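Encoded as C-alpha cells, the structure appears first; notes follow it.
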Amino acid sequence: MWSFIHKLGSPPWFFRFGGSLVRWLLPLTLILLLVGAFWGLLVAPPDFRQGNSYRIIYIHVPAAVVALAGYYVMALAGAISLIWRIKMADIAMKAAAPVGAVLTGIALVTGAIWGKPTWGTWWVWDARITSMLILFFLYLGVVALFEAYENKAAAAKACAVLSLVGTVNIPIIYKSVDWWYSLHQPASIKFTGESAIDASMLYPLLLMIVAFYGLFAVTVVMNMRAELIWHHRQSAWVRQWAGLD
Amino acid sequence: MSASDQPSLSLGASFFRQFLRHGKALAASPADLLNPLLFFFMVVTLFPLGLGPDPERLSQMAPGILWVVALLASLMVSGKLFASDFEDGSLEQLCLAQHPLAILALAEVLAHWLGTGFLLALVSPVFALMVGLPIQALPVLVISLLLGSLCLTLIGAVGSALTVSIRRGGLLLSLIIIPLHVPVLIFGSTAVVEATRDGNAVSWLALLAALVLASLALAPLAIGAALRISLDNG
C-alpha cells in the first residue's frame, strides 16, 4: 500500500501507470457513455410534462455533479501538495482545473438550453444555476492565477491555497445563494419535482454520472501525462520513451 | 534555552507595532484614505444617471447599490494592501520574524480595514440618503457595512497576498476574489433590505458576524501561506 503511494510520486512510474490506466479506462468510459446516451436519449420514456426536452438531463446533471466533485479533487490535490510537497499533486491540480471549468461550462450551457423550452427563457437567476455560475468563476480564478505566475512551482502552491480557500467557501456560497433565492423567489418559475424521478429515467442518469466520472479521470490522467513528458522532456526516461536515445 | 532564542518582542507587542506601522503609513497619505470614499461617492452617482432619477425605484434598489459599490471599493483598495511591503522588502523581514507571519499580517489587515472599510461604513449614511434609502434602515446599513467590510478586507487580503508578486495583478485579484465575496454581499444587502421592510435584519447581521469570526480565524492562515509563496515567486 505505502510503496504504491510512494511510487505515485515518481514521474516515470506514474507516466507508465497512467498509460496503462488510460488504456483500459478510456474504452470503458466510451462504452459507458455510448450505452448511457443510447439508453437515456432513445430508450427512456419521455417526460409527462416536458416531453423529450428533459433528455438534456443526461448531459446536464452528470456534468454538474462531476464539476462540483472536480473542485474537491483539485483542492484535495492542492492540500496534498502543500502538506507533503509532492510534485505529482501539483500536476494533478493543474490538470484538473481546466477540465472542471469545461464541465461547469457544459452544465451552464445545457442548463440554459434546457431552460428555453421549460421556462421560456435562456437564463433565470435560480439558486442552482447561480451557484453553478459562481463555481465556474472559482475555476476560472484558479486557471487565471496559475497562468499569471511566472514561477510555475510557486503558481501551483498559490493555486493550492486559492482552491482550499474556495473549498471552505463553497458550502457557505451554496447556502447563501439558496437563502437569497428563497427570499426573492418569483412565483412564475417553479421546479417540477425532480426528486420523484422514475427508475426508468434514473438508471440511465446514474450510468451517465458514472461515465462522466470516468471521463473526468481519463482526461485528468491524460493531461497529467502530457504535462509530465513536457516537464521532463530533457530527462533520459522521456527521451527513451520517445525513441530519441 | 539561551537568551538569544527569546524573541526580543512579545507577540502582542509585535502585533501592535505592526498595526501602528501600517496605520501610520495610511494616515501619512490622506489620499489613500479619501480615494476609496471618493470612489464610493462617484459610483453611487452613476446609478441614478444610469437607472433614471425616479426616487421610488432608486430607494428600492438602494440596499443593493450601496452594497455592490462598497464591495467594489473594497476590491479597489485591497490590491494595495501588501504592495509597498513587498516592494521595499519589509515583507521578507516579516517572514524572518520570530512570530507567526499570519498574526503579523493580520495586524496589517486590521489597520488597513480601519483606514478603508471602517471609514466607508461610517460615512455610508450620507450616500444612502442620496439614493433614498429609508431612514429606519440606516443603522442596519452601517452595522452591516462595518461587519461586512471587515470580512471583505480579510478575504481580499488573501487575494492580495496571492497576487502581490504579479505585475498588473489588479484585475486578476478581482477575478479570484469576487466569487468568494458572494456570501458577504448576500447577507449584507439582505439585512438592509429586511431593515427597509421592518423585517428581521438581526439574523442576517448575525450571519455576517459569523462570517467575520470565521474569516478572522481562517483568513490569516491563508494570508501567511500566500505571502510566503509570493516571496518565492518574486
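Listed conditions (1) without any contact (Cβ under 8 Å) to a residue 40 or more places away in the chain; (2) within 13 Å of chain A (Cβ to nearest Cβ); (3) farther than 24 Å from B:LEU211 by Cβ are all met by B:ILE176, apart from (3).
As a summary of the residue check, B:VAL192 satisfies the conditions (1) touching a Phe, Trp or Tyr at 6+ places or on another chain (Cβ under 9 Å); (2) surrounded by fewer than 22 Cβ atoms within 10 Å (Cβ to Cβ); (3) more than 10 Å from chain A (Cβ to nearest Cβ) except for the one numbered (2). Can you find, within the stretch B:210-234, the residue that is surrounded by the fewest Cβ atoms within 10 Å (Cβ to Cβ) among those that are among the small types (Gly, Ala, Ser) and more than 23 Å from B:GLN93 (Cα to Cα)? Looking at residues that are among the small types (Gly, Ala, Ser) and more than 23 Å from B:GLN93 (Cα to Cα), I get B:ALA217.
Filtered by the rule that a residue be in a helix (DSSP H, G or I) and either in contact with a Gly (Cβ under 9 Å, 6 or more places away or on another chain) or under 19 Å from A:ASP47 (Cβ atoms) (or both), the stretch A:115-134 gives A:GLY115, A:LYS116, A:PRO117, A:THR118, A:TRP119, A:ARG128, A:ILE129, A:MET132. From the list B:ALA191, B:ALA222, the one residue that fits, being within 18 Å of the chain's Cα centre (by Cα) and either under 24 Å from A:LEU133 (Cβ atoms) or among the hydroxyl-bearing types (Ser, Thr, Tyr) (or both), is B:ALA222.
Exactly one residue among B:LEU38, B:LEU58 is hydrophobic (A, V, I, L, M, F, W, C), more than 18 Å from B:LEU133 (Cα to Cα) and at pLDDT 90 or above, and that residue is B:LEU38. Confirm whether A:SER182 is in a helix (DSSP H, G or I), surrounded by fewer than 19 Cβ atoms within 10 Å (Cβ to Cβ) and more than 21 Å from the chain's Cα centre (by Cα). Criteria met by A:SER182. Each residue in the stretch B:205-230 was checked for being at the interface with chain A (Cβ under 9 Å from one of its Cβ atoms) and either touching a Phe, Trp or Tyr at 6+ places or on another chain (Cβ under 8 Å) or of a type outside the set (A, V, I, L, M) (or both), and 4 pass. Taking B:LEU138, is it among the hydrophobic types (A, V, I, L, M, F, W, C), touching a Pro at 6+ places or on another chain (Cβ under 6 Å) and without any contact (Cβ under 8 Å) to a residue 40 or more places away in the chain? Yes: the conditions hold for B:LEU138.
Restricting to the stretch A:101-143, and then to whatever is within 14 Å of chain B (Cβ to nearest Cβ) and among the small types (Gly, Ala, Ser), can you tell me which residue is surrounded by the fewest Cβ atoms within 10 Å (Cβ to Cβ)? Ranking the candidates gives A:ALA127 first.
With respect to the conditions (1) crowded, with 18+ Cβ neighbours inside 10 Å; (2) within 9 Å of another protein chain (Cβ to nearest Cβ); (3) farther than 20 Å from A:TYR71 by Cα, A:ALA155 falls short on a single one, namely (3).
Give the residues of the stretch A:55-78 that are free of Cβ contacts under 8 Å to residues at least 24 places away in the same chain and either of a type in the set (Ser, Thr, Tyr) or over 19 Å from A:LEU135 (Cα atoms) (or both), sorted by residue number. Across the stretch A:55-78, the qualifying residue is only A:ARG55. Residues that are buried (at least 24 other Cβ atoms within 10 Å of the Cβ), in a loop (DSSP other than H, G, I, E, B) and more than 8 Å from chain A (Cβ to nearest Cβ) occur at least once in the stretch B:141-164.
Among residues of the stretch A:211-229 that are without any contact (Cβ under 8 Å) to a residue 40 or more places away in the chain, those with a Cβ under 9 angstrom from a residue that is crowded, with 21+ Cβ neighbours inside 10 Å, sequence gap 6+ or separate chain, pair up as A:ALA226/A:ALA95.
Looking only at the stretch A:80-114, count how many residues are within 16 Å of A:ILE5 (Cα to Cα) and part of a helix (DSSP H, G or I).
Within the stretch A:80-114, the first condition is being within 16 Å of A:ILE5 (Cα to Cα), and the residues that meet it are A:80-81, A:83-92.
Checking the rest, the ones that are also part of a helix (DSSP H, G or I) come to A:80-81, A:83-84, A:87-92.
Counting residues in the stretch A:80-114 that are within 16 Å of A:ILE5 (Cα to Cα) and part of a helix (DSSP H, G or I) gives 10.
So which of A:PHE15, A:PHE38, A:PHE4 is touching a Leu at 6+ places or on another chain (Cβ under 6 Å) and of a type in the set (Phe, Trp, Tyr)? Please lay out each step first, then the result.
Details: A:PHE38 fails: touching a Leu at 6+ places or on another chain (Cβ under 6 Å); A:PHE4 fails: touching a Leu at 6+ places or on another chain (Cβ under 6 Å).
Among A:PHE15, A:PHE38, A:PHE4, only A:PHE15 is touching a Leu at 6+ places or on another chain (Cβ under 6 Å) and of a type in the set (Phe, Trp, Tyr).
Put simply, of B:LEU119, B:LEU49 the only residue that is in contact with a helix residue (DSSP H, G or I) (Cβ under 9 Å, 6 or more places away or on another chain) and modelled with pLDDT of 90 or more is B:LEU119.
The values are calculated or read from the model by the stated rules, or taken from the named source; none is laboratory data. Since we're looking at a predicted model, the values are computed, not measured. Methodologically, a virtual Cβ is constructed for each residue, glycine included, from the backbone with ideal geometry; neighbour enumeration extends over all protein chains shown.
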